[in-house]
1. Go through the range 14-28 and count every residue that is modelled with pLDDT of 85 or more, touching a strand residue (DSSP E or B) at 6+ places or on another chain (Cβ under 6 Å) and either not in a helix (DSSP H, G or I) or not assigned by TED's automatic domain parsing to the domain that holds LEU67 (or both).
2. For residues that are assigned to a helix (DSSP H, G or I) and either over 21 Å from the mean Cα position of the chain (by Cα) or of a type outside the set (D, E, K, R) (or both), scanning just the range 29-42, find the one that is surrounded by the fewest Cβ atoms within 10 Å (Cβ to Cβ).
3. Can you find, within the range 176-189, the residue that is nearest to the chain's Cα centre (by Cα) among those that are among the aliphatic types (A, V, I, L, M) and more than 18 Å from VAL100 (Cα to Cα)?
4. Would you pick out the residues in the range 52-67 that are within 15 Å of ALA78 (Cβ to Cβ) and at pLDDT below 85?
5. Within the range 104-117, identify whether any single residue is at pLDDT 90 or above and acidic (Asp, Glu), and answer yes or no.
6. If I filter the range 43-82 down to residues being more than 18 Å from GLN194 (Cα to Cα) and either β-branched (Val, Ile, Thr) or under 17 Å from the mean Cα position of the chain (by Cα) (or both), which single residue comes out as surrounded by the fewest Cβ atoms within 10 Å (Cβ to Cβ)?
7. Kindly establish whether GLY209 is more than 10 Å from the chain's Cα centre (by Cα) and crowded, with 19+ Cβ neighbours inside 10 Å.
8. Cβ-Cβ below 9 Å, separation at least six or inter-chain, first residue in the range 127-149 and over 15 Å from SER171 (Cβ atoms), second at pLDDT below 85 and surrounded by fewer than 13 Cβ atoms within 10 Å (Cβ to Cβ): which pairs?
Amino acid sequence: MLEIVPGSHLAVTPYGAWQAVARADDGCPRRRVLRSILQEAESPLLNLEMATMWSGEASPEKALETLLSLQDDASLEAWPSPHSAPTGALGTTLPQYLAVLSDSGQALLADHQGFCLAVTGYAADIGDALAAVGADILSVAERQATPLAQLGAHLLDGWGNVDAAGVSGLSFWPMHVGRTRLVLAVSGRPRFNQRAFADLVWALYTRYGQMI
C-alpha cells in the first residue's frame with residue numbers, strides 16, 4: 001500500500017508517464033498529479049501537503065484517493081531514496097532511452113515543426129523524413145481533435161503505417177508536454193513498458209513541463 005511515510009519518494013511509472021503525455025487536457029486530477037511529479041528535478045517526498053497541492057483537490061482525503069488510484073493501476077510507485085531526473089542536452093541524453101523503446105533499436109523524437117530533438121538507429125535523411133511526417137501527423141491530430149474525440153473507445157493513442165495484413169512496421173505517437181507537442185516515431189514493435197520510457201518523459205517534463 002502507498003503510505004504517507006517520511007522518507008518515501010514518489011516516482012511515475014512507464015504506464016503513468018504515458019498517461020501524462022497521451023492527452024493535451026489537464027483537467028483530470030490524476031493527470032495533474034502525474035504531471036506535477038514529472039516536473040520535479042528529483043523524486044519528491046510524499047506527504048499530505050504535497051498530495052493536496054499536486055491533485056488540486058480541496059481536501060487531503062480526496063487527494064489521497066487520487067494517489068491511491070494511481071498506485072492501484074501502477075501509475076505511481078514509491079522509492080526509499082530520491083532519484084534525479086536525467087540532465088544534459090536532450091540531443092545527447094535522450095538517444096540512450098530511445099534506443100530501447102523499439103525492438104529494432106530505431107526511434108526518433110521530433111517537435112510539431114518537424115525539428116528532430118533526438119534520434120537513434122536511423123540515417124540522417126530517414127530521420128529528417130520521419131520528423132517531417134510526424135509533424136504532419138501532429139497537425140492532423142490537432143485539427144481533427146473534436147471528431148477524433150467522438151470515436152470514444154475506438155480512439156487509439158498511436159498512428160501506424162501498416163501493411164496489407166494490418167501489421168505496423170512504423171508507428172507515430174503524439175505526446176503533450178506542457179504546451180509543447182512532440183511525436184515519438186518507432187520502427188518495429190514499441191517497447192514503452194520499461195523505465196527508459198518513464199525517464200525520457202521525465203527529462204522532457206523538466207525541460208518543457210513548466211511552459212504552460
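1. Residues that pass the stated criteria total 0.
2. This residue is PRO29.
3. Step one: filter the range 176-189 for residues among the aliphatic types (A, V, I, L, M), giving 177, 182-186.
Among the residues that remain, those that are also more than 18 Å from VAL100 (Cα to Cα) are: 177, 182.
Values: VAL177: 7, LEU182: 10 Å.
Across the range 176-189, the extreme among qualifying residues is VAL177.
4. LEU64
5. Here is the first cut: in the range 104-117, the residues at pLDDT 90 or above are 104-117.
If we keep only those that are acidic (Asp, Glu) too, we end up with 111.
Yes, the range 104-117 contains at least one residue that is at pLDDT 90 or above and acidic (Asp, Glu).
6. Among those that are more than 18 Å from GLN194 (Cα to Cα) and either β-branched (Val, Ile, Thr) or under 17 Å from the mean Cα position of the chain (by Cα) (or both), it is THR52.
7. Numbers: more than 10 Å from the chain's Cα centre (by Cα): yes; crowded, with 19+ Cβ neighbours inside 10 Å: yes.
Here the answer is yes, as GLY209 does meet what is asked.
8. Going by the 9 Å Cβ cut-off, the qualifying pairs are LEU148/LEU155; ALA149/LEU155.
The values are calculated or read from the model by the stated rules, or taken from the named source; none is laboratory data. Nothing here was measured: the structure is a model prediction, and the numbers come from that model. Every residue, glycine among them, receives a Cβ derived from its backbone with ideal geometry; neighbour counts consider all protein chains shown.
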